[in-house]
Amino acid sequence: MTRLGFAVNLDACCDHRDCMTACMRKNDAFPGAHFIETFTAMDASGDIEEPGTYFIPIMCQHCGNPSCVPACPHSVLRKRSDGLVVMDSTDPCVQCAETPCLDACPYDAIEFDRKTHRAGKCDGCADLVDAGGVPECVPNCFLGAIAFGDMEDEASIVSQVVEQYGPAAFRLKPETGNDPSVRYLLTRRPWKDMEGLYSPAWEDPEGKR
Ligand code: SF4
């Protein structure tokens, strides 16, 4: 069975944000939306200069057990047979008084446009994948830090780099049971999961990202 996913090399990521720019350009998302966002992982001191600091791009984790899918009362979210989690149409979002999909996602991967009252997120560039391509962030990282492919195929680039990194290939919040399809590769710093993340876009005075 196919399981498409990402491997992100945090040893290489330098917070250049080409992935974010390419994603915004391709998806033409609503203002302020970041379907992939590079965070700074730092210790409790908040000192960006401390030696453990690294950068971590976070997108939808295309979970094996996506908590967002059953949370949506209008069946907007769907997991495809290749593993990508997509939103077919956001028209029903306008009926939602609350935003249960945002609340259900432990990775804050779903964005919400207050103006149009619609949700949005990384869909793995499913349209490009269906045409034989890869997500837009992959070729646009000039350091080649993002790999994409079938995690169930031992010959895929994703499987190969994950195998190569072994125990230094991490998942975000494994305790949630969401079974994410993104692996973060990190050897030069201690892994901090989602502790101490910072991004200027993270702050949200209205409480919804
Ligand atoms: Fe759903 Fe969040 Fe998992 Fe993406 S990361 S599949 S939005 S629960």
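The values are calculated or read from the model by the stated rules, or taken from the named source; none is laboratory data. Everything quoted here is computed from the prediction, not taken from an experiment. So basically every Cβ, Gly included, is an ideal-geometry build from the backbone, and we count neighbours across all protein chains shown. The area values use the complete protein model at the heavy-atom level, side chains included, leaving out ligands, DNA and RNA. Shrake-Rupley method; radii C 1.70, N 1.55, O 1.52, S 1.80 Å.
For the range 110-140, enumerate the residues that are farther than 30 Å from Ala97 by Cα and either open to solvent by 20 Å² or more (accessible area, probe 1.4 Å) or not in a loop (DSSP other than H, G, I, E, B) (or both).
Scanning the range 110-140 gives Leu128, Val129, Asp130, Ala131, Gly132, Gly133, Val134, Glu136, Cys137, Val138, Pro139, Asn140.
I need every pair where a residue in the range 58-75 that is in contact (Cβ under 8 Å) with a residue 60 or more places away in the chain and small (Gly, Ala, Ser) has its Cβ under 8 Å from the Cβ of a residue that is near the ligand (Cβ under 9 Å from one of its atoms) and assigned to a helix (DSSP H, G or I), sequence separation at least 6 or different chains.
Ser67/Ala104; Ser67/Thr176
Return the residues of the range 53-109 that are among the polar types (S, T, N, Q) and either within 14 Å of the ligand (Cβ to nearest atom) or surrounded by fewer than 15 Cβ atoms within 10 Å (Cβ to Cβ) (or both); say none if nothing qualifies.
Scanning the range 53-109 gives Gln61, Asn65, Ser67, Ser75, Ser81, Ser89, Thr90, Gln95, Thr99.
Report whether or not Gly32 is small (Gly, Ala, Ser), farther than 26 Å from Asp150 by Cβ and out of contact with any helix residue (DSSP H, G or I) (no Cβ under 7 Å at 6 or more places or on another chain).
Judged against the criteria, Gly32 is a match.
Quickly run through the range 78-109 and pick out the residues that are out of contact with any helix residue (DSSP H, G or I) (no Cβ under 9 Å at 6 or more places or on another chain), at negative phi and not in a helix (DSSP H, G or I).
Ser81, Asp88, Ser89, Thr90, Cys96, Ala97, Glu98
Among the listed residues Ala22, Ala12, which satisfies the condition of being assigned to a helix (DSSP H, G or I) and at pLDDT 95 or above?
Checking each option against the conditions leaves just Ala22.
I'd like to know if the range 21-31 contains one or more residues that are open to solvent by 30 Å² or more (accessible area, probe 1.4 Å), over 18 Å from the mean Cα position of the chain (by Cα) and of a type in the set (Ser, Thr, Tyr).
Checked the range 21-31: no residue is open to solvent by 30 Å² or more (accessible area, probe 1.4 Å), over 18 Å from the mean Cα position of the chain (by Cα) and of a type in the set (Ser, Thr, Tyr).
Of (1) under 15 Å from Asn27 (Cβ atoms); (2) free of Cβ contacts under 8 Å to residues at least 12 places away in the same chain; (3) not hydrophobic (A, V, I, L, M, F, W, C), Gln160 satisfies all except one. Which?
So Gln160 meets the others, but not (1).
What pairs come out if I take residues in the range 91-109 that are under 13 Å from Cys63 (Cβ atoms) and pair them with residues that are open to solvent by less than 40 Å² (accessible area, probe 1.4 Å) and within 7 Å of the ligand (Cβ to nearest atom) whose C-beta lies under 6 Å away, six or more apart or interchain?
Cys101/Cys68; Cys101/Ile110; Ala104/Ser67; Ala104/Cys68; Cys105/Cys68; Tyr107/Gln61; Ala109/Cys60; Ala109/Lys121
Looking at this structure, is Ala169 small (Gly, Ala, Ser), under 26 Å from Pro190 (Cβ atoms), within 11 Å of the ligand (Cβ to nearest atom) and at pLDDT 95 or above?
Values: small (Gly, Ala, Ser): yes; under 26 Å from Pro190 (Cβ atoms): yes; within 11 Å of the ligand (Cβ to nearest atom): no; at pLDDT 95 or above: yes.
The answer is no for Ala169.
Can you pull out the residues in the range 141-171 that are part of a loop (DSSP other than H, G, I, E, B), among the hydrophobic types (A, V, I, L, M, F, W, C) and either on the phi > 0 side of the Ramachandran plot or surrounded by 19 or more Cβ atoms within 10 Å (Cβ to Cβ) (or both)?
Across the range 141-171, the qualifying residues are Cys141, Ala145, Met151.
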